[in-house]
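Notes follow the structure.
The values are calculated or read from the model by the stated rules, or taken from the named source; none is laboratory data. These figures come from a predicted structure and were not determined experimentally. All Cβ positions, glycine included, derive from the backbone under ideal geometry; neighbour counts span all protein chains shown. These accessible areas exclude ligands, DNA and RNA; they are computed on the full protein's heavy atoms, side chains included. Shrake-Rupley method; radii C 1.70, N 1.55, O 1.52, S 1.80 Å.
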Amino acid sequence: MVSPQRIDAAQFRRQGFRFFTESPTRWGDCDAFGHVNNVLFSRYYESGRLDYFRRVLGLESVAAATDSLIIADLYITFLGQVHHPAALEVGSRISRLGNSSFDFEAAIFLPGEESPCSTAQATCVWFNFRDNHSLPIPFAQRAAIQQFEGIEP
């Protein structure tokens, strides 16, 4: 089994992101030690990812859809504690664009901080749910990613 490499936080500074989603903490996010529980970070990243998909790629969550995106891999690195209340900002970007997949990177920032308190990388795959296989990324979404992220065709 291959161990995932730790994400280099230096590559995830605030200025490297153009897209942000606000995600305030809730009192119920805290654990017995008074800091935001690590499991909640995946929810914050999910909110940022879905916001990016909706606002940049024009995708909506539709139960009747036969194809959409799935997460094939997800790696999260925790760099510091977060205490409630906090007005977190999730920076999101796509760093690699393949035929049927792309790498989605994200970082969680506290207000005014340049360095993240957590980073994440996910591999997203365009997937046909009915036939159970990957599909090429549709032209409209590929073009939107290329334009927004400045990725050459």
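With respect to Ala106, determine if the residue is in contact with a Gly (Cβ under 6 Å, 6 or more places away or on another chain) and either without any contact (Cβ under 8 Å) to a residue 24 or more places away in the chain or not polar (S, T, N, Q) (or both).
It is true that Ala106 is in contact with a Gly (Cβ under 6 Å, 6 or more places away or on another chain) and either without any contact (Cβ under 8 Å) to a residue 24 or more places away in the chain or not polar (S, T, N, Q) (or both).
Please enumerate the residues belonging to the stretch 129-153 that are of a type in the set (A, V, I, L, M) and open to solvent by 60 Å² or more (accessible area, probe 1.4 Å). Please lay out each step first, then the result.
In the first step, residues of the stretch 129-153 are kept if they are of a type in the set (A, V, I, L, M); the result is 135, 137, 140, 143-145, 151.
Within the stretch 129-153, Ala140 is the sole residue that qualifies.
Out of the stretch 83-107, which residues are touching an Asp or Glu at 6+ places or on another chain (Cβ under 7 Å) and within 24 Å of Gly28 (Cα to Cα)?
Taking the stretch 83-107 as the starting set, the residues that turn out to be touching an Asp or Glu at 6+ places or on another chain (Cβ under 7 Å) are 84, 87, 89, 93-96.
Answer for the stretch 83-107, where residues must be touching an Asp or Glu at 6+ places or on another chain (Cβ under 7 Å) and within 24 Å of Gly28 (Cα to Cα): His84, Ala87, Glu89.
Looking at the stretch 9-17, can you tell me whether even one residue there is among the aromatic types (Phe, Trp, Tyr), modelled with pLDDT of 95 or more, surrounded by fewer than 19 Cβ atoms within 10 Å (Cβ to Cβ) and out of contact with any helix residue (DSSP H, G or I) (no Cβ under 7 Å at 6 or more places or on another chain)?
Scanning the stretch 9-17, I find no residue that is among the aromatic types (Phe, Trp, Tyr), modelled with pLDDT of 95 or more, surrounded by fewer than 19 Cβ atoms within 10 Å (Cβ to Cβ) and out of contact with any helix residue (DSSP H, G or I) (no Cβ under 7 Å at 6 or more places or on another chain), so the answer is no.
Can you give me the number of residues within the stretch 112-153 that are in contact (Cβ under 8 Å) with a residue 60 or more places away in the chain and of a type in the set (A, V, I, L, M)?
Residues flagged as in contact (Cβ under 8 Å) with a residue 60 or more places away in the chain and of a type in the set (A, V, I, L, M) within the stretch 112-153 amount to 6.
Out of curiosity, is Gly80 in contact (Cβ under 8 Å) with a residue 24 or more places away in the chain and touching a strand residue (DSSP E or B) at 6+ places or on another chain (Cβ under 7 Å)?
On the way: in contact (Cβ under 8 Å) with a residue 24 or more places away in the chain: yes; touching a strand residue (DSSP E or B) at 6+ places or on another chain (Cβ under 7 Å): no.
Taking the combined requirement at face value, the residue does not satisfy it.
Please specify each residue of the stretch 89-128 satisfying the condition of being open to solvent by less than 40 Å² (accessible area, probe 1.4 Å), assigned to a strand (DSSP E or B) and small (Gly, Ala, Ser).
Of everything in the stretch 89-128, those that are open to solvent by less than 40 Å² (accessible area, probe 1.4 Å), assigned to a strand (DSSP E or B) and small (Gly, Ala, Ser) turn out to be Gly91, Ser92, Ser101, Ala106, Ala107, Ser118, Ala120, Ala122.
Being assigned to a loop (DSSP other than H, G, I, E, B) and either open to solvent by 60 Å² or more (accessible area, probe 1.4 Å) or modelled with pLDDT of 90 or more (or both) is the filter here, so list the residues in the stretch 32-56 that pass it.
Result: Ala32, Phe33, Asn37, Asn38, Val56.
Looking at Leu74, Leu59, can you tell me which residue is within 19 Å of Phe20 (Cβ to Cβ), among the hydrophobic types (A, V, I, L, M, F, W, C) and either open to solvent by 70 Å² or more (accessible area, probe 1.4 Å) or outside any strand (DSSP E or B) (or both)?
On the way: Leu74 fails: within 19 Å of Phe20 (Cβ to Cβ).
Leu59 is the lone residue from the list that is within 19 Å of Phe20 (Cβ to Cβ), among the hydrophobic types (A, V, I, L, M, F, W, C) and either open to solvent by 70 Å² or more (accessible area, probe 1.4 Å) or outside any strand (DSSP E or B) (or both).
Just for the stretch 91-141: of the residues that are aliphatic (A, V, I, L, M) and within 15 Å of Phe12 (Cα to Cα), which one is nearest to the chain's Cα centre (by Cα)?
So the residue we want is Ala106.
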